[in-house]
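*Asks:* Okay, handing you the structure first.
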Amino acid sequence: MIKLAIRNIGRDFGSVVAVRDFSLEIAPGAFISLLGPSGCGKTTMLRMIAGFIPPSRGTIELNGRLLSSPSASVPPEKRGMSMIFQSYAIWPHMTVAENVAFGLRLRRLPAQDINRRVEEMLAVVRLSNLGTRYPAELSGGQQQRVALARAVIIQPEVLLLDEPLSNLDANLREEMRFEIRRLHDEFKMTTVYVTHDQSEAMVMSDRIVVMNQGTVEQIDTPYGLYNAPGTQFVASFIGRTNFLAATRDGGKVDFRGFSIPADQFDHLEDLRSQLLFSLRPQSIRVSQSKPAGSAGGEFWVQGRVLKRSYFGDRWDYTIDPGGGLSIVASTEPRQRCEVGEMVWMAVNPRDMVAIRA
Amino acid sequence: MHPEVTLKSPWHRWNPTELLWVGLALVLILLVGNPLLRLAWISLETPSGGFTLGNYAEIGRHWRYLVGYRNSLALGFSVASLCLLIAVPIAWGVSRTNMPGKNLVQVLVLGTFVTPPFLGATSWILLAGPNAGWINRAYMGIFGADSGILNIYSFPGLVFVIAIYSFPYTFVFTRAALDLVSSEMEDAANCLGAGRVKATLAITLPLIRPALLGAWIITFLEAIAIIGSSIIIALPANINLVTLQLWQFFGYPLRVEMAAAYAMPLLLVTMGLFGFQQRILRGKGYVALTGKGGERRLIDLGAGRWLLLAYSGFIVTLSLVLPYLVLLQAAFAKGWARGLGWNNLTLANFQFLLFQHSTAKQAILNTFVYSSAAATLALGLAVSVAYIVARRLVPFGNVLSVLAFTPFVIPGLVLAIGFYAAYAPPPLALAGTAAIMVLAFMTRFLPIAYSNASAAIRGIHPEMEDAVMILGGSRLVAIRRVVAPLLKRSLLGAWLLVFIPASREVSSALFLYGPKTRTMSVLFFDLTEGGSFEQLAALGVILLLTVLVFVAIGLMCVGRDFMLRKASE
């Protein structure tokens, strides 16, 4: 079953194309993230789902019912969704309880029900004793919880979140990630989450839509995105990576500084002769002495350390295997190599993802 | 595809917001556009309705008319420059140094700001009128001279009396700019070997040059458009000014077409200078004025701080202390020249105004009614326009914004002439009605209302309303439940900021009042002909009390900085 169906949505602002061609089907109870750098169109997409912006092209359907099309759009207040805003948008002149109760009041529920549900909700977000406070008296994290409670209490068809954690400090951000995911799991809400923070999206989402310059780059699970990035943009935006250009030359794949037999790669026959591979720095092992042999399909590539950076929890070595390449390899913090030293890198073709350039 | 769903489009033809937009645009055009067009039109009209350039030609033929322009320009230059001399040291002292008594100085500058200039000018007649003025008598008494040294009825006297009530503008501009200059700017100069004086003169003052120039322009325009002080000082001194000449065109015989033509250069100069000022203030390159200030330390002046305090005290003594003293003395005196003493004390002046004078009570009532009505209407219009502009609910919102700001660049008396030209004749025939007074006040102070309303609305994050809508409330619910409560406080401040200047408005009132629509300030000028100084002073005290009561309400409800800060926006 499909909860929310977004079909070929596009949106222009004047001559600027904010969203080009966005299609996505979301199952009930799924947690989807829209991930991309600022200006990629993710917030515009979210506001189209909410109904604040009508689309220029395409349709949005909820439970099979048409919500948005270029000619007509159900207004936000008739969509039964709720949203958490970047600014929280907590109303400063209402108490915490009044903020949370607002959506229920609009639905004209009996006062008793409202009070009971507000109390329950405040307990869920751990604000039980703060119902009579005003938002200005709360910390950033508490305000965030008020926003969550206010949005969740109406049991929305879809919960939309627009970079809700970007105003919090790092520790709180981590805590709130789990809080949001916990609420999602508890109430089984279909959730669309907009963020530019890849680790946020990775930790929370069932599926991630990576967007860039108004287009969808890839839709996949966090695992899939990291380990099988479909485009150069995804490979570089999700985690760090080395891009290695290569030429297929008969039975070999030539990386200029070194080469690997073509039969070591899966599915290489589909690919053209000019290739681009993504190789994560963490996938490369570094050895300071000449290794005895290779295990599990690894290839040993000798190179000189050009640069090193120490991060405390790891070393990053930039290594030149010849041919003017520079490959970044991450090692555990105890492995110290000197700049200029000759080292060996273990490269596994299994970890090298061919990317459509 | 889904026939069971009925869809409503927010961009449907003639939805309510678009109707509202058209309505507001019409109101703004009637209030702002039409009077200006009528003004231009009538200046090109013969009495019988034909086209002519004769009105303009007639200006060129009369030396007296040309002298009016010359004098007004000279007045503007002198006042604006004198304001800089008066205000910059005080502003620097308050903003950058450890001068003592800063709060008191600021309060007294605020006091100067809310003092109606025509009241100050009247007090200065009591202080520096030839021979009879208090200062002159003191001088003659001490030095045994035959005649006093000061004559307020002179060009320098006129310059002084206008400047001493205009310098708060310069103060506000300068202080706001100085508040943004970080100490690091001066530290950098110190490191390179510049002393404190050198750093202030070579770094700080040039940094705030745009603000100084802006203040100079504002006070220049204030001086060339001021009618009250002109009537009180320049008329007896026989100095013709643009303002006085316009006023005379409105006397007998009434020559609206000449007034319109004669006002055109004033209007153009004003608009031109405002445009220029906007360009300067927008000019890039003065990072200190746009960016965040770094650390700010106060400059230790040593013993010099007392000197600076004495200077500030001297200025506010001239603007506030002495004028209020002589005004109070005169208001409660049988004869102001007879000095202090129990036998000279009386309430007769107040009694005369409140119980005997034929129109005084009416005028006081009118002042309150017109000012409240103008403030309420202006604010209502301003909030509606500001809201739909800020939320981009309509296309071309900026046109509305520009229209709402336009009265700011129209001198009050020019606006009044335009209103007269547009709405005095049939079909509306509003001449002498309360309606034309209220509409003129409302239009005149619409920019104050608009800039405040717009700032207040911009302070409300649009997501506050989005949150209402996504939870199921319409925009009207969002306005009623969220926007209105959040605006309440700042709108009270804005209301007062319109009410206070409206309650002491002279320029448009003097041109538009009728027999039954006098306000307190009109009455004041009635009394300058034929009334006594004692009665004038008493009326002045009533006027001042009115203003002070409302300023006090503002300070209590909105906060200490409310007038000075807002005035600089």
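*Asks:* Within the stretch B:333-353, is there a residue that is of a type in the set (G, A, S), touching a residue at least 40 places away in the same chain (Cβ under 8 Å), surrounded by 18 or more Cβ atoms within 10 Å (Cβ to Cβ) and part of a helix (DSSP H, G or I)?
*Replies:* no
*Asks:* Scan the stretch B:370-429 for residues that are more than 11 Å from B:L446 (Cα to Cα), within 24 Å of the chain's Cα centre (by Cα) and without any contact (Cβ under 8 Å) to a residue 40 or more places away in the chain and report the count.
*Replies:* The total comes to 1.
*Asks:* Within the stretch A:80-128, how many residues are in a strand (DSSP E or B) and under 14 Å from A:R145 (Cα atoms)? Let's see the steps before the verdict.
*Replies:* The first filter runs over the stretch A:80-128 and keeps only residues in a strand (DSSP E or B), leaving A:82-84.
So of that shortlist, the ones also under 14 Å from A:R145 (Cα atoms) come out as A:83-84.
Residues in the stretch A:80-128 being in a strand (DSSP E or B) and under 14 Å from A:R145 (Cα atoms): 2 in total.
*Asks:* Only residues that are assigned to a helix (DSSP H, G or I), among the β-branched types (V, I, T) and at pLDDT below 90: list them for the stretch B:280-329, please.
*Replies:* B:I280, B:V287, B:T290
*Asks:* Identify all residues within the stretch B:163-199 that are touching an Asp or Glu at 6+ places or on another chain (Cβ under 7 Å) and over 30 Å from B:I226 (Cβ atoms); write none if there are none.
*Replies:* B:S182, B:S183, B:E184, B:A199
*Asks:* Does at least one position in the stretch A:56-65 carry a residue that is part of a strand (DSSP E or B) and out of contact with any strand residue (DSSP E or B) (no Cβ under 6 Å at 6 or more places or on another chain)?
*Replies:* yes
*Asks:* Suppose we filter A:I53, A:I26 for residues that are assigned by TED's automatic domain parsing to the domain that holds A:E217, crowded, with 20+ Cβ neighbours inside 10 Å and out of contact with any helix residue (DSSP H, G or I) (no Cβ under 8 Å at 6 or more places or on another chain); which single one remains?
*Replies:* Answer to the check: A:I26.
*Asks:* Give me the residue from the stretch A:68-79 that is farther than 24 Å from A:I180 by Cβ and outside any helix (DSSP H, G or I) and, out of that set, nearest to the other protein chains (Cβ to nearest Cβ).
*Replies:* Looking at the filtered set, the residue picked out is A:A72.
*Asks:* Restricted to the stretch A:12-43, and to residues that are of a type outside the set (F, W, Y) and within 14 Å of chain B (Cβ to nearest Cβ), which residue is nearest to A:V74 (Cα to Cα)? Before the answer, list the steps.
*Replies:* Initial filter on the stretch A:12-43 (of a type outside the set (F, W, Y)): A:12, A:14-21, A:23-30, A:32-43.
Checking the rest, the ones that are also within 14 Å of chain B (Cβ to nearest Cβ) come to A:14, A:43.
Working: A:G14: 22, A:T43: 19 Å.
Selected residue: A:T43.
*Asks:* Follow-up. If A:M211 passes every condition in (1) under 21 Å from A:S278 (Cβ atoms); (2) outside the structural domain of A:V124 (by TED's automatic domain parsing) but one, which one does it miss?
*Replies:* With (1) under 21 Å from A:S278 (Cβ atoms); (2) outside the structural domain of A:V124 (by TED's automatic domain parsing) applied to A:M211, the lone miss is (2).
*Asks:* Would you confirm, using the coordinates I've provided, whether B:R96 is closer than 30 Å to B:N238 by Cα and basic (K, R)?
*Replies:* no
*Asks:* Tell me, which strands (runs of 3 or more DSSP E) wholly within the stretch A:239-323 include 1 or more residues that are touching a His at 6+ places or on another chain (Cβ under 6 Å), buried (at least 16 other Cβ atoms within 10 Å of the Cβ) and at pLDDT 85 or above?
*Replies:* Fully inside the stretch A:239-323 and qualifying: nothing.
*Asks:* If I ask for residues that are assigned to a helix (DSSP H, G or I) and either small (G, A, S) or surrounded by fewer than 18 Cβ atoms within 10 Å (Cβ to Cβ) (or both), which ones from the stretch B:60-71 would you list?
*Replies:* B:G60, B:R61, B:W63, B:R64, B:L66, B:V67, B:G68, B:R70
*Asks:* Okay, moving on. Quick test of your reading of the structure: B:L73 fulfils all but one of (1) within 26 Å of the chain's Cα centre (by Cα); (2) not assigned by TED's automatic domain parsing to the domain that holds B:Y153; (3) not β-branched (V, I, T). Name the failing condition by number.
*Replies:* Among (1) within 26 Å of the chain's Cα centre (by Cα); (2) not assigned by TED's automatic domain parsing to the domain that holds B:Y153; (3) not β-branched (V, I, T), B:L73 violates only (2).
*Asks:* Can you tell me which residue is nearest to A:G10 (Cα to Cα) among those in the stretch A:93-109 that are in contact with a Leu (Cβ under 7 Å, 6 or more places away or on another chain) and facing another protein chain (nearest Cβ under 7 Å)?
*Replies:* Among residues in the stretch A:93-109 that are in contact with a Leu (Cβ under 7 Å, 6 or more places away or on another chain) and facing another protein chain (nearest Cβ under 7 Å), the one nearest to A:G10 (Cα to Cα) is A:G103.
*Asks:* Could you name every one of the helices (runs of 4 or more DSSP H) located completely within the stretch B:87-186 that has at least 2 residues being within 24 Å of the chain's Cα centre (by Cα)?
*Replies:* Fully inside the stretch B:87-186 and qualifying: B:102-114, B:117-128, B:155-180.
*Asks:* If B:A467 satisfies every condition in (1) more than 14 Å from chain A (Cβ to nearest Cβ); (2) crowded, with 23+ Cβ neighbours inside 10 Å; (3) more than 29 Å from B:V256 (Cα to Cα) but one, which is the exception?
*Replies:* The failed condition is (1).
*Asks:* Please go through the stretch B:76-109 and pick out each residue that is of a type in the set (K, R) and either buried (at least 21 other Cβ atoms within 10 Å of the Cβ) or outside the structural domain of B:I226 (by TED's automatic domain parsing) (or both).
*Replies:* Residues of the stretch B:76-109 of a type in the set (K, R): B:96, B:102.
Residue satisfying the conditions is B:R96 alone.
*Asks:* Taking B:A453, is it surrounded by 20 or more Cβ atoms within 10 Å (Cβ to Cβ) and either outside any loop (DSSP other than H, G, I, E, B) or modelled with pLDDT of 90 or more (or both)?
*Replies:* yes
The values are calculated or read from the model by the stated rules, or taken from the named source; none is laboratory data. Since we're looking at a predicted model, the values are computed, not measured. Positions of Cβ are generated from backbone atoms using ideal geometry, with glycine treated the same way; all protein chains shown enter the neighbour counts.
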